[in-house]
Amino acid sequence: MLEADLPSHRPPGAPPSTTTLPRGRQVDFTGLSSPDRWKPEFAVPYNQRQIGSKVLISNDLGDWLLLTPAEFRDFVDGRPQPGEPLYEKLKHANFVAAEIDLHAQADRWRSKKQYLYHGPTLHAFVLTHRCNHGCQYCHSSIVGMERTDTDMSIEVAERGVDMAFQSTAWAITIEFQGGEPTANWDVLRHIVEYAKKKNIEAKKVLSFALVTNLSLMDDARLDFLLDSHVQLCTSLDGPADLHNKIRIFRGGNSHETVLGWMQKINQRYADMGLDKNQYRVEALPTITRPSLTRWKDIVDQFVEVGCRAIFLRKLDPFGFAAKSAKTLGYSMDEYLEFYVNAVDYIIELNRQGVQVMERHAAIMLNKILADEEPNYLDLRIPGGACIGQLGYAPDGSIYSSDEGRFVASMGDEMFKIGTVHDSYLDLMTNAGTRALVMAGLNDGQPDCVSCVYKPWCGQQVEYNYKTQGSLHGHMRDSTWCKNHKSIFDYLMHKLEAADERDMEMFRLWTTNRTLDHFIIE
Ligand code: SF4
């Protein structure tokens, strides 16, 4: 029988697995297929899915267990009795309705959902559309370096910072995006100084992040960025041939430039006495068709430059990337095969003593193993649109997110929720904002509501809209869903088979250390 036939207290109709991963021998659940078998007086609401030869169950609080088929049958029938090992296991994991400590669980829920109690934390400023690279997958509406008319002005920048500081969030991050944001250096510098000055009164936990190709970096700029505690993030697609093939830089060798500056910046962090295991330039690869067979080379390149984390990002469906889909694109199955190969290799390296993690897996494991909510905006409910982040365009338009701004760069203003000249109240309470937030809930999604991964998953309304023409999307056919479900499946298979050494490694991946140096109090 398929897992869709498994009993559920939820409306029947959960889709069969879409995972490309190897499945265990199908467990015979004959006789358990009727939802009538569920005993609400015994079990809290739960969802289930077959993982190998086990049955994964999860509840809305984020607890989970892998049960044998026999244990699962007893659970469904409400047979376990107090004192029996299975009962105690279920009780400990909050699956026995009569044993739930409501106050403790309310506290736990409140703590994990604390992002609902305040406004957007991430404020992405697009300082210019200019860039000196012509990356084939670029998802922003880049223009040539002579187009200074696409730069954000000082006036718009100040209004944007004023808006960001009105967020009810106690902590805000101002992130510089582009184009190549350092092309509009004077405004970048002004924003940092203006925001720091404002923060003397506002007293928020303030931080800055710069996403840069590093090609316009020089020593004076680096001094300013390091003195101002700006966190640096760059793009690195792998070894030189792969990186330079996609990230075309007519002014020089992009790979050589990136590696040279990464090395220099990491050395400067060390010279400042910062822990070299924590303080490093963050580098992100974008996976394209030529990357698919190069998973080992990509991981090796990141390890070689000293990165401790790799975020294996698949191509976005936004902007230029969509136009280049024929040469750079791939199916979700092809991406997932790449992902599994790469993460298997990362795990193997860890077993050999190399400390490196895959960021997406680490975020998911953080939720599953550490019972924490890392507030990663693509994997939370509601999604990050409007109430987790805002995207500020050079002309002063404000979008639901950076992705909302990408959609606008393709000529569709669907995600514009206001401008820097509006009041914060109008921005956050207008009908468009509310609709985007409501669409980012997975409790209202027909497939999510009966999905075992619901407590840890999330929605991105911009992705749904771009790929399926609807803010809500249709998860059964969604590549968003397939990607997340398959990676959750992969991790659950790993957890099912993990020995103590593997568990130690996964726990290490979930250890979050605050990078205090980048926080400006
Ligand atoms: S989007 Fe996430 S929660 Fe919804 S069905 Fe897919 S994997 Fe499950």
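For residue 504, state whether it is more than 16 Å from the ligand (Cβ to nearest atom), open to solvent by 30 Å² or more (accessible area, probe 1.4 Å), charged (D, E, K, R) and part of a loop (DSSP other than H, G, I, E, B). Let's see the steps before the verdict.
Working: more than 16 Å from the ligand (Cβ to nearest atom): yes; open to solvent by 30 Å² or more (accessible area, probe 1.4 Å): yes; charged (D, E, K, R): yes; part of a loop (DSSP other than H, G, I, E, B): no.
Against the criterion (more than 16 Å from the ligand (Cβ to nearest atom), open to solvent by 30 Å² or more (accessible area, probe 1.4 Å), charged (D, E, K, R) and part of a loop (DSSP other than H, G, I, E, B)), residue 504 does not qualify.
Which of the residues spanning the stretch 119-175 are of a type in the set (S, T, N, Q), under 30 Å from residue 245 (Cα atoms) and touching a Pro at 6+ places or on another chain (Cβ under 9 Å)?
As a first pass, look at the stretch 119-175 and keep what is of a type in the set (S, T, N, Q): 121, 128, 132, 136, 140-141, 148, 150, 153, 166-168, 173.
With under 30 Å from residue 245 (Cα atoms) added as a condition, the list becomes 128, 132, 136, 140-141, 148, 150.
Correct list: 128, 150.
How many residues does the stretch 164-202 hold that are more than 13 Å from residue 126 (Cβ to Cβ), open to solvent by less than 10 Å² (accessible area, probe 1.4 Å), in contact with a helix residue (DSSP H, G or I) (Cβ under 6 Å, 6 or more places away or on another chain) and not in a strand (DSSP E or B)?
Of the residues in the stretch 164-202, 1 are more than 13 Å from residue 126 (Cβ to Cβ), open to solvent by less than 10 Å² (accessible area, probe 1.4 Å), in contact with a helix residue (DSSP H, G or I) (Cβ under 6 Å, 6 or more places away or on another chain) and not in a strand (DSSP E or B).
(1) part of a helix (DSSP H, G or I); (2) open to solvent by 10 Å² or more (accessible area, probe 1.4 Å): which one isn't true of residue 373, the others all being true?
So the condition that residue 373 fails would be (1).
Any chance the stretch 381-400 includes a residue that's surrounded by fewer than 24 Cβ atoms within 10 Å (Cβ to Cβ) and within 30 Å of residue 503 (Cβ to Cβ)?
The answer is yes; a qualifying residue exists.
List pairs: first residue in the stretch 436-448 and touching a residue at least 12 places away in the same chain (Cβ under 8 Å), second residue more than 11 Å from the ligand (Cβ to nearest atom) and in a helix (DSSP H, G or I) anywhere in the structure, Cβ distance under 7 angstrom, at least six positions apart or on different chains.
What qualifies is 436/461; 439/461; 440/461.
Let's see how each residue does on (1) among the polar types (S, T, N, Q); (2) closer than 30 Å to residue 407 by Cβ; (3) without any contact (Cβ under 8 Å) to a residue 40 or more places away in the chain:
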position: 288; (1), (2), (3): yes, yes, no
position: 297; (1), (2), (3): no, no, no
position: 301; (1), (2), (3): yes, no, no
position: 333; (1), (2), (3): no, yes, no
position: 336; (1), (2), (3): no, yes, no
position: 346; (1), (2), (3): no, no, no
position: 360; (1), (2), (3): no, yes, no
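Return the residues of the stretch 286-296 that are in a helix (DSSP H, G or I) and open to solvent by less than 60 Å² (accessible area, probe 1.4 Å); say none if nothing qualifies. Step through it out loud before you land on a result.
As a first pass, look at the stretch 286-296 and keep what is in a helix (DSSP H, G or I): 289-291, 295-296.
290, 291, listed by residue number.
Suppose we keep only residues that are within 17 Å of residue 259 (Cα to Cα) and assigned to a strand (DSSP E or B) within the stretch 203-219. Which one would you say is least open to solvent (accessible area, probe 1.4 Å)?
Residues of the stretch 203-219 that are within 17 Å of residue 259 (Cα to Cα), as a first pass: 210-219.
Among the residues that remain, those that are also assigned to a strand (DSSP E or B) are: 210-211.
Values: 210: 0, 211: 44 Å².
Among those residues, the one meeting the criterion is 210.
Quick one: would you say residue 491 is within 16 Å of the ligand (Cβ to nearest atom) and assigned to a helix (DSSP H, G or I)? Let's see the steps before the verdict.
Details: within 16 Å of the ligand (Cβ to nearest atom): yes; assigned to a helix (DSSP H, G or I): yes.
Criteria met by residue 491.
In the stretch 220-249, what residues are aliphatic (A, V, I, L, M), open to solvent by less than 30 Å² (accessible area, probe 1.4 Å) and modelled with pLDDT under 95?
Looking only at the stretch 220-249, we keep the residues that are aliphatic (A, V, I, L, M), and these are 220, 222, 225-226, 230, 232, 236, 240, 242, 246, 248.
Still in the list and also open to solvent by less than 30 Å² (accessible area, probe 1.4 Å): 222, 225-226, 230, 232, 236, 242, 246.
The answer is 246, and nothing else.
(1) free of Cβ contacts under 8 Å to residues at least 60 places away in the same chain; (2) open to solvent by less than 20 Å² (accessible area, probe 1.4 Å): which one isn't true of residue 490, the others all being true?
(1) is the only condition that residue 490 fails.
Of the conditions (1) farther than 22 Å from residue 515 by Cα; (2) open to solvent by 50 Å² or more (accessible area, probe 1.4 Å), residue 272 clears all except one; give me its number.
Just one mismatch for residue 272, condition (1).
The values are calculated or read from the model by the stated rules, or taken from the named source; none is laboratory data. Note that the coordinates shown come from a computational prediction; the quantities given were computed from them, not determined experimentally. Reconstructed Cβ throughout: ideal geometry from the backbone, glycine too, with neighbour counts over all protein chains shown. Please note that ligands, DNA and RNA were not included when accessible areas were found on the heavy atoms of the full protein model with its side chains. Shrake-Rupley method; radii C 1.70, N 1.55, O 1.52, S 1.80 Å.
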